Each structure stands twice: as C-alpha cells, then as structure tokens.
1. Compute the angle between helix 17-29 and the longest alpha-carbon principal axis of the chain, please, reported from 0 to 90 degrees and rounded to the nearest 10.
2. Skip the ligands, DNA and RNA, and give the accessible area per residue of the chain with a 1.4 Å probe, whole Å².
3. So if the hydrodynamic radius of the chain is defined as the Kirkwood radius over C-alpha pairs, what does Stokes-Einstein give as its diffusion coefficient at 10 °C and 1.306 mPa s, in µm² per second?
4. What nm value, rounded to one decimal, do you get for the distance between ASP5 and HIS24 when each label is placed 7 Å out toward the C-beta?
5. For the chain, what % of the accessible area comes from carbon and sulfur atoms, probe 1.4 Å?
Amino acid sequence: MLTEDKVAAWETCTDLSDFGQTLHGLQALAVYYAKPRLLQKNDTKEIGAF
C-alpha cells in the first residue's frame, strides 16, 4: 500500500530497492479481465478471430 510516509521516504532515499519491491507487490496483485469476442465473416459466418 502506498502511504504518505512511504512516499515521503522515497523522495529522500538514495536506494530505490524498496520502491521497486513495493511496485512489484502492487502489480502482482493486479487482476485483468479480458472481454471475449468472436469475430465472424459476414458472408460465410466463419469465425475469423477469438
């Protein structure tokens, strides 16, 4: 979690390893959902892509 104290510490630190670890942890929790779509050809109704 990004707290005000943590952000303030990053502004003055010389080693960004904690910053990198924090971002990695936040991104590891991110969940993405893809919306499925079928693309069909109008003339033959064949599925061209999914």
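The values are calculated or read from the model by the stated rules, or taken from the named source; none is laboratory data. Only a predicted model underlies this, so the values are computations on that prediction, with no experimental measurement involved. All Cβ positions, even for glycine, are placed from backbone atoms using ideal geometry, and neighbour counts span all protein chains on display. With ligands, DNA and RNA removed, areas are computed over all heavy atoms of the protein, side chains included. Shrake-Rupley method; radii C 1.70, N 1.55, O 1.52, S 1.80 Å.
1. 30 degrees
2. I get 98 Å² per residue for this part.
3. Calculated translational D: 107 µm²/s.
4. Computed distance between label sites ASP5 and HIS24 equals 2.4 nm.
5. About 57 percent, which is the carbon plus sulfur part of the accessible surface.
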